[in-house]
Structure formats: C-alpha cells, structure tokens
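None of the figures in this text is laboratory data; all of them are computed from the coordinates on show. Every value quoted in this text rests on a predicted model; they were computed, and no experiment measured them. Cβ sites come from the backbone with ideal geometry, for glycine too, and all protein chains shown count toward neighbours.
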Amino acid sequence: MAIEEIKKELYNNVLSGDFELTKELALKAISEGVNPLEAINSYLVPAIELVGEKFGRKEYFLPDLMRSANAMKSALDIFETEIHKSGIERKSQGKIVIGTVKGDIHEIGKSIVAALLSAKGFDVIDVGIDVCSDIFINKVIEKKADILAMSALLPITMPYQAAVIEELKKRGIRDKVKVMVGGAPVTQEHADKIGADGYADNAVDAVKLAESLMKQ
Amino acid sequence: MAITSKERMQIAMDHKEPDRVPYQATFVPEMDKLLRQKYAKEIERIKGKTTEKYQGMTELDILFEHDMLLLTYGISTGYYRNTQEDTYMDEWGITWRKIPYKTPNGIGHYTEIIKFPLADDDAINSYVPPDPDNEDMTYAEEVIRYYGKEKYICGIIDCSVFEALKYLRGITQSLIDIVANKDLAHKIMDMSVDYHLKLGFKLIERGVDLLWLADDLGGEHKLLISPKTFREMVKPKLGYMIGELKKKNRNIKIAFHSDGYIEPLIDDLIDVGVDLLNPIQPESMDPAFIKKRFGSRISLWATVSTQKTLPFGTPQDVENEIKERIKTCAPGGGFLIAPTHNIQLDTSFENIEAFYSSIKKYGSYPVKL
C-alpha cells in the first residue's frame, strides 16, 4: 500500500470507526516512515472533527461517534508512542484533568470529550467516573493541570461541581486552574452560578472552549 | 348507563370518542407511600391486594379512578425493589444501587445498574437466564379477578429488546455492540425476547387487554441509534414479538414506550403493530404535531410533562398543559392522558390534585376547547 493510500485509509477508517483496521493502518504508517505528527494533525484530527460535525448534523449517532473515537484513539496511542520514542515531544496544548463527579457513573460524554481533547493535542488525565473532590484536586496539583473538566449527567450530581470549586478555593488554588463543566442537565447559567470558567454544550465545543481557556 | 373504564379504553383504542378522555398515572414508590398516608382512610375501604410486588399502586389506581391498571413483570422490575439494602442483585444477575436525593417532600431514590452480568464478552457462554415460569403470576391473577371486568388491564413486559442489552452488557458497550458486535447483540437480545414473549403469553392467558413493550431509543432531541441500526437490529425482534402476541390473542393491543425524541421511528412502530405510543415527552416531541402526523394510525398515551410542569409548575400551569393536550390530542379518540413518567417525589400535592381536577374539568367528549 502506497503511503498516500495509507494516509487516506487512516482518515476513512476513523470516519467509519473500524478499530482493528485503524490500528493496523497506524502500525503500517509507522513502518512506512510516515511522520507520526503529520499523521495525527493531517488525518486523525480532521477525521474526528468531521465525525463531530456529522454527529451535530444528525448524520452520525452515538454508536458511530463512540466507534470513531475508539478507532482514533487506537491510532493516536501508536503515533504518540512513536513521537515519544523519537525523543521529540508532541507540543502539548495544555494539561487537562477530566472526570465525572461523585455519585455519577455516566461515562460516554466524558470519554468522548477526553478523546477529542487528546486528538487536538491536549495532555488528558482521565480520572474516570464517580470521582470525589480529593481525587480531582490532588490530580490537578500533582500534574500541574491547566484545566479541570467536570461532567455531571444528573440534576442531583450537578451541585458537586460547585463543591469541587469551593474546595479549590479553600485550598487557595482556584486561580491556578481553569474549570470547565458539562453534562446533559448543565447549562451556562449553572456554570456562571457556581463560578466555573466555561461551559460547553457538546464535545466539539468543549475542545474549542479548552483552546480558548488556554489563551486566557 | 355509564360506561366502565374498560369500555372507555376500548372505545378510545378504536380511535373513537368515549364519554370522556381516559386517564391514568403512576408514582415513584416514595410518592406512592406519601399518597397512601394522605388518603389512608379512603383507601381502607378499597378491596384488592394491599401491595403490588414491585411498585405498589392498585389502591391508588382505584382511589383516583384510573381507567387502566398496570401489572409490572420482567427484567425492568429490578429497578424498584422493596429492600433496605443499598445495593442488590436481581434474578438476571444485574446489580442495582439505590441513589438517594433530597426533595421538599423527603428523601427519594432512583436506581442505577452498577454491575452488568454480561459485561465480559465470554460471560454469555456460561450465563443462565432466569426461568419465566418462576415469575409469580398471583398478583396479576388477583388484580384481574377483582378489577378485570371494570378496568382496562395492561401487562408490562418492557425493556425486552435493546434495553435488555443495555441492562446486561452496559450502556456504553451495548451502543458499540449494536453496530460492531452484532452476533453477540443478537444472541443477548433474542434471549430476552424469548423470556418476555413467554411472560407475555402468561399475561394474555390471565386476561390482560394490553401488553406494554419498551426500549429507550431516543435521547432528549436525537435518536440514540440510527434509524438504519434500529431497522436492522431491533425492529425485526419487536415485529416478531408483537406478531406472536397477536397470534396468541388477536384482540390484544400493544403499547410501546420510548423516552425522548423518536419521531423518525414512529412509522416503523406502526408498521410492526404498535397500537399505543408512550409517553411523547413534550420536551422532545410536540404532542399536537405527533397527533396530526400519526394520530389516525396510532393512539397516544401520556404527554403531560413530569420533567417540567408537574414538579416545577404551578397548579395553573398543570391545568393549562392538560387543557392544551386535551384540545390538541383528544379529538377523535385514540388518547389516554397521563404523566410522561412516574410522578416524582418533588411534585406538590396541589399539582397532583390539579392534574386530576383539570382532566375532569376539560376531559368530556365532544371536546369543546
């Protein structure tokens, strides 16, 4: 398979969400000497961005989005390992600690946001679901994170986003980290009320928000 | 002579106008308990079984003169269990956790699955599903014996196709399975279909009028899976179930529930023989539009917001919504008005009273609104 064809297929298979094939193509790309950074920026990122757009246009549904995100991640891991091996670091857009708040076990939205952020070059530390304040904050401190992103999928777990922000204030580090919030019941109004730095309605906008928070 | 609830529902289901719009409601267990306390004297006089196995109701159904009674069976009964334990496992090996929340009316609980028995790909090989013959049918028998002549009886065998896959594999995995592990998805869904079909036959033998199937296929404003995936993976199983149930008794009616936005699938549901669609959440689909577009071919059930109006509106808001629904959805029959979900614990008694009084006020046929 010619290099150009590998690149094209990489793009197409992220779009169609074929995990195995995407992984195989990423390995092939490496062995054929494709520049991993170029592969990420020119093929993986545009493909996953198109997936996000198609989801917004109701052409793609949750299963498509999840498959594409998984496929993209499988290739991303391979390319990032390769970049790391070569001694060059992929320029990080910023460090983000992300998780779903305590009492809440919903993971799909959070994981999709995490995958998209990784694709765009953020250093993502996913602390999982049902995450308590201590874990969020200790991870922010340990990793010197630029952004803390919290998801809540239930009206009754939304207040926990506020509790974590309060805890950041108590520990005197609120101004050291930007806080973004999301999740189905979360609104801009809620984000403003609890003193978050930003809110996004969907995964694509969450990435744009993270990028703009990094510029502040 | 006044007609019975059963006759009222039968007329409505035939897309004709009875004397008034039929109605019913269900409550979360904590609200059910509060209402039982509030109306303790009134329900003392009511005959019938005192507690339903999973979601006690019957006395309140009779007290509030609901036209339809529900009998809950099958995999979804794991959701509400009368237990003091915070986590429990049901017959399917599903582990549920009760999550408390505060409301002005006290502490409520909703339930979440924390352990899915078929989460591992290989688990299916050694999995033994429960035996439908172990389902205790005495509750259905007693309710039908007491009320079967007078009330319309709905047997619930819900969450039996795609929803069962979610319960057994996990929501994240099931969304992948339905497009990428199709053989496994078919195997698990077929197992659940067999179980619930047998249960449906048992309920038909006992004398139910309606069987209620359900699969949540909609998010708030978008389908969870594509119409193509639904048509390939879920619709044939629904069609098979409904066909077999109607073969068993050609007069049996079928209700189908999906929360959220499912407008692109309604024609498919009519196609496979669904007679009654629930709940038409007004936050997701406009009930007036659904009535206009599909109302001559499928009856509508519910439409009154449990997400906004009932918990957060005033009694006047409740009255306005009911007036609007009766005006737009009731003409021509084919309409059973109800809340779009169990009435939640954060709903005021005043709003519950407004729900019933407004239906009485505006619900007479012919509709003059």
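Quick notes on this one:
- Lys-Lys pairs in segment A:3-85 that are eight or more residues apart or on separate chains and whose Cα atoms lie under 26 Å of each other come to 19.
- Qualifying trypsin sites (Lys or Arg not before Pro) for segment A:57-162 [loop in DSSP, other Cβ within 10 Å: at most 11]: A:57, A:91, A:144
- Neighbour counts of other Cβ atoms within 10 Å put B:299, B:357, B:226 in the fewest-to-most order B:357, B:226, B:299.
- For segment B:1-134, a crude dipole built from +1 on the beta carbon of Lys and Arg and -1 on the beta carbon of Asp and Glu, taken about the Cα centre, is about 720 debye to the nearest 20.
- Annotation note: trypsin sites (Lys or Arg not before Pro) in segment B:205-267 located in DSSP loop regions with a Cβ neighbour count of at most 13 within 10 Å are B:250.
- Calculated FRET efficiency for the pair residue A:175/residue B:190, C-beta based, R₀ 60 Å, to 0.05: 0.60
- Across peptide A:56-66, the mean count of Cβ atoms from other chains lying within 10 Å of each residue's own Cβ comes to 5.
- When you filter the chymotrypsin sites (Phe, Trp or Tyr not before Pro) in segment B:100-169 for DSSP loop state and at most 12 other Cβ atoms inside 10 Å of their Cβ, nothing is left.
- Inter-chain Cβ neighbour count for A:14-21, averaged per residue, equals 1 (cutoff 10 Å, partner chain atoms only).
- Inter-label distance, nm, simple model (7 Å from Cα along the C-beta direction), residue B:251/residue B:84: 4.7
- Rg/Rg_ref, segment A:3-85, where Rg_ref = 2.2 N^0.38 Å and atoms are Cα: 1.02
- Taking label positions 7 Å along the Cα-Cβ direction at both residue A:86 and residue A:142, the computed distance is 3.1 nm, reported to one decimal.
- Taking all Cα-Cα distances within segment B:209-355, those exceeding 23 Å account for 37%.
- For segment A:103-205, the fraction of alpha-carbon pairs in successive 5 Å shells from zero, as %: 2, 13, 26, 27, 22, 9, 1
- Rounded Å value of the spacing that divides the Cα centres of segment B:72-134 and segment A:130-158: 28
- The alpha carbons of chain A occupy a box of 57, 40, 27 Å along the principal axes, longest dimension given first.
- Angle in degrees between helix A:62-85 and the longest Cα principal axis of chain A, rounded to the nearest 10: 70
- Of all DSSP beta bridges in the protein assembly as shown, antiparallel share, percent nearest 5: 25
- Distances between every pair of Cα atoms in the protein assembly as shown, grouped in 20 Å steps from 0 to the bin holding the largest one, split as 19, 49, 27, 5, 0 percent.
- Sorted by Cβ neighbour density within 10 Å, fewest at the top, the residues B:30, B:91: B:91, B:30
- When each of A:170/A:193; A:170/A:208; B:98/B:202 is checked by Cα-Cα distance, pairs over 22 Å: A:170/A:208; B:98/B:202
- Per-residue Cβ neighbour rank within 10 angstrom, fewest leading, B:20, B:169, B:97: B:97, B:20, B:169
- Between helix B:315-329 and chain B: long-axis angle, C-alpha atoms, 0 to 90°, nearest 10: 80
- Within segment B:206-245, the proportion of Cα pairs with more than 13 Å between them is 63 percent.
- Think of segment A:3-85 as a dipole: +1 on every Lys or Arg Cβ, -1 on every Asp or Glu Cβ, centred on the Cα centre; then among A:61, A:48, A:30, A:61 lies furthest on the positive end.
- Cα centroid separation - segment A:90-128 against segment B:167-235, whole Å: 31
- Between residue B:16 and residue A:163, the FRET efficiency from the beta-carbon distance, with R0 = 45 Å, is close to 0.20.
- Measuring between their Cα centroids, segment A:1-59 and segment B:239-259 lie 45 Å from each other.
- Kirkwood Rh and Cα Rg combined as Rg over Rh, evaluated for chain B: 0.94
- Helix axis angle, B:29-38 relative to chain B longest principal axis, alpha carbon, degrees: 30
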